[in-house]
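The values are calculated or read from the model by the stated rules, or taken from the named source; none is laboratory data. In this text the structure is predicted, and so the values were computed from the model without any measurement. Neighbour counts are summed over all protein chains in view; Cβ atoms, including those assigned to glycine, are modelled from backbone coordinates with ideal geometry. Accessible surface areas use protein heavy atoms only, side chains included; no ligands, DNA or RNA. Shrake-Rupley method; radii C 1.70, N 1.55, O 1.52, S 1.80 Å.
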Amino acid sequence: HAWANNLGLKSFAGYCIKSSQGKTIGVFAVFSKHRISDKEETLLKTISASASEVIQVNYIRDLLVESEKKYRTLFENAQVGMFQARVADGKMVISNNRMAQIFGYDSPDECVEEYIAKEHYVFPEVRSDVVESLNTYGIVSNFITQIRINDGSIRWIEFSGVLSEDRTLFEGVASDITEQKTAEEKLNASVLEKETLLKEIHHRVKNNMQIIQSLLNLQMGQVTDENLKKPLIDATSRIKSMALIHETLYR
């Protein structure tokens, strides 16, 4: 009171400043040298309400800025290519660092400036299939194709994405799977080589058994004694059994 009297203050009013959930987050305090009139009371209530709105707007703005900052950090540092490109001509609109690296560009800005999809597809007709799928289903999932990167070399990529709400942009992610495809090709070549080797071994074993059977049959043709023929017949039967087992194992 002494402080107020020394300044000549006659009245005080406090108005709650509220959050969007209706919670009090502050007080708009007014000191006056005269009694606050009803008209001034209405004005001060309006000011406090406006202050609440301004604080809420700024709070939401700060949240959006923070969210955008987190998204931007995630986008720029992601280990998978992230992009946004025009459906009509394949021109890149947005690219992160990894996307630029995949296509052989030094920076996202260079990728956005120079990238045109039709110039990177090894088989241009593939892009037509992608565009058709986007326009029909609104999505492309795990699509694998060959691309020609900025230095002219050929790489394999896998990408997925969706059509934007206005149906003008293709938004998605991409990965370089060249090493994976190379490993698969080596594995397939190895399997084919082993299959070829197995076929050759089977063919030789089969021929050898047929030769042995033929030799035994020739020998039996020269033997008239039935007691001497019996071991040859038994041997021939055993060879046939071995040949059948070998055939079954091979198949």
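Counting Lys and Arg as +1 and Asp and Glu as -1, what is the net charge of the other residues whose Cβ lies under 13 Å from the Cβ of E125?
0
7 Å from Cα along Cα→Cβ at both T42 and S133: what's the point-to-point distance in nm?
About 6.6 nm separates the two model spin labels.
With +1 on each Lys and Arg Cβ and -1 on each Asp and Glu Cβ, how big is the dipole of segment 155-251 about its Cα centre, in debye rounded to the nearest 20?
880
Just F28, F75, F170 to compare: in a GNM of the chain, with alpha carbon springs under 10 Å, which one fluctuates most?
Comparing F28, F75, F170 in a Gaussian network model of the chain, the most mobile one is F28.
Compare the Cα positions of T73, I60, L232 along the charge dipole of the chain (+1 at Cβ of Lys, Arg; -1 at Cβ of Asp, Glu; about the Cα centre) and return the one farthest towards the positive end.
Among T73, I60, L232, the one farthest towards the positive end of the dipole of the chain is I60.
Could you list, in their original order, any pairs among K118/K194; K194/K230; K199/K240; K206/K230; K18/K70 whose Cα atoms are separated by more than 30 Å?
Long pairs (Cα-Cα over 30 Å): K118/K194; K194/K230.
Please calculate the 1.4 Å probe accessible area of D62, with all protein chains present, and give it to the nearest 10 Å².
80
Given (i) 12.6; (ii) 21.6; (iii) 31.4, which label gives mean projected area of the Cα convex hull in nm² as computed from the coordinates?
Correct label, based on the coordinates given: (iii).
Just reorder Y137, Y15, Y250 by solvent-accessible area, largest first, 1.4 Å probe, all chains present.
Y137, Y250, Y15
Set the Förster radius R0 to 45 Å, insert the Cβ-Cβ distance between I55 and E119 as r into 1/(1 + (r/R0)^6), and round the FRET efficiency to 0.05.
Efficiency for this residue pair is about 0.30.
Name the residue, out of L192, L218, L44, whose mean-square fluctuation peaks in a Gaussian network model built on the chain with Cα pairs under 10 Å.
Result for the chain, Cα springs under 10 Å: L218 fluctuates most.
When the Cα atoms of segment 177-251 are enclosed in a convex hull and the volume is divided per residue, what value in Å³ results?
57
Would you compute, from DSSP H runs of 4+ residues alone, the mean residue ellipticity of the chain at 222 nm, taking -39500 (n - 2.57) per run and dividing by the full residue count, rounded to the nearest 500?
Only helices count here, giving -19500 deg cm²/dmol.
Nothing charged except the Cβ atoms of Lys and Arg (+1) and of Asp and Glu (-1): what's the magnitude of the dipole of the chain about its Cα centre? Round to the nearest 20 debye.
The calculation lands at about 940 debye.
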